[in-house]
Each structure stands twice: as C-alpha cells, then as structure tokens.
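Inspection log for the structure reproduced underneath, given as structure tokens.
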Ligand code: NAD
C-alpha cells in the first residue's frame, strides 16, 4: 500500500517527522507532496520548493526512510474543485491520504479517496506558524525541527531571509 502526505512544510518540523514515522508503520511507500511549490520568499512561505525538498530528504535519510518515499513538489491551482485531479496527475498512484487540513480532507473525501487523520503531535510548538514567529523573534527554533533541517536553514540564511521579507519599506 502507498500513502500520500501533503503539506507546505514551511519549514519541515518534528511534528511532520513524527507523522511520517507513524505512516511508515502502516504503508510500504509514501508519496510526500510539497504543496504551494510556486511560493517562496514571503512571511508565510519563506522557503522554495527545492529547499523544502532538501530539508525533507535530509530528514528522511536520518530516520532511514528515504528509500521508501517519493518527494514531489506540486504547484497550487486556483480551482479547489479540480485540485485533487491536478494533484493525482502529478504524483504516483496512492491508496490513502493522510491529512488534518480541513480543506484537504474535504476535497479528498468528495473525490472518494480514503482519508486518515494522524494524531497531532505537540501542535502548540510543532507548527510552521510558531516556528516562523520564533525565528523572527530570535528564539530557539532549532529544537523544533530535525537537526538536519536546522543545518540547511542555517546554510541558506533562512532566518535572515525571513527577517528581510517581513520588513516593510514604510518609514
Ligand atoms: P502543513 O505543512 O501546514 O501541514 C502538513 C500536514 O501536517 C497537515 O495535515 C497538518 O495537519 C499536519 N501537521 C502539522 N503540524 C503537525 C503536528 N504538530 N502534528 C501532527 N500533524 C501536523 O501544510 P498544509 O497547509 O496542510 O498543506 C496543504 C497544501 O495543499 C498547501 O500547499 C495548499 O496550498 C495545498 N492545497 C492546494 C489547493 C489548490 O491549489 N486549490 C487546494 C487545497 C490544498
């Protein structure tokens, strides 16, 4: 059986990693779709699809899951009603989708695809929103992401980028 895990992964964090490890107990293979692939350099989507792919692949290698996962960027389309078909046309076939995002769950359910909702793992801190805010405020964001992901964010100057794109030119 093959499972699909879809997310923006801005950035990929320990909550995502925990969910993937749980999915790997149930599925032989996992398709990880990097959503909103066209987005980068904004406060809510600071990292490019390529950077997010590097983060995910590095973390998968560290937990020995790389050989069982496909990692595929997928751009958004401006029509929710055909998004599932769009996604299906870009990735290998899958049997079950794993998500807690209400819109994602809704769209797959309407398309008669089996959906499983993985349990949340420390959502108060393992959250892209919280991690980006912690980065902007100079807090300890490194403890909220896998070590390999922290190394990539440091290498690409991710915190400085987030700080730059969060600024306004108003005096
Ligand atoms: P995300 O990175 O916020 O989360 C990915 C998944 O991980 C979600 O299911 C989320 O519930 C889960 N998760 C997050 N933190 C967790 C934690 N601490 N413990 C356990 N699980 C946790 O990504 P997202 O916003 O859900 O990504 C959905 C993607 O699908 C987006 O890129 C969106 O644009 C795309 N989408 C596009 C369209 C369209 O183009 N029309 C329509 C629907 C969705």
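Cβ crowding within 10 Å ranks 16, 41 as 41, 16, fewest other Cβ atoms first. Counting only alpha carbon atoms, the long axis of helix 14-26 and the longest principal axis of the chain meet at about 20°. Listed by Cβ neighbour count within 10 Å, with the fewest neighbours leading, 77, 6, 56 appear as 77, 6, 56. What per residue convex hull volume, in Å³, do the alpha-carbon atoms of segment 72-171 yield? Cα convex hull per residue, to the nearest whole number: 166 Å³.
Which shape class applies to segment 132-171: rounded if a/c is under 1.5, otherwise prolate when a/b exceeds b/c and oblate if not, where a ≥ b ≥ c are the square roots of the Cα gyration tensor eigenvalues? It would help to have the intermediate numbers written out before the result.
Values: a/c = 4.09, a/b = 1.95, b/c = 2.10.
It is oblate, given that a/c is not under 1.5 and a/b is not larger than b/c.
The alpha carbons of segment 1-120 stretch over 37, 35, 26 Å along the principal axes, in descending order. Quick one: helix 49-62 against the long Cα principal axis of the chain, what's the angle to the nearest 10°, folded into 0 to 90? For 49-62 against the chain, the angle is about 70 degrees. When the convex hull of its Cα atoms is viewed from all sides, segment 10-72 shows a mean projected area of 4.0 nm². Taking the helices alone, the chain has a mean residue ellipticity at 222 nm of -12000 deg cm²/dmol, built from -39,500 (n - 2.57) per DSSP H run of at least 4 residues and averaged over all its residues. Taking other C-beta atoms within 10 Å as the exposure proxy, 12, 98, 70, 126 rank 70, 126, 98, 12 from fewest upward.
First measure r as the distance between the Cβ atoms of residue 63 and residue 125, then evaluate 1/(1 + (r/R0)^6) with R0 = 22 Å and state the FRET efficiency to the nearest 0.05. For residue 63 and residue 125, the calculated efficiency is 0.65.
Rule-based calculations on the coordinates, nothing more; no lab input. Since the structure is predicted, the reported quantities are computational estimates derived from the model, not experimental observations. When we count neighbours, we look across all protein chains shown, and the Cβ atoms used for this are built from the backbone with ideal geometry, even at glycine.
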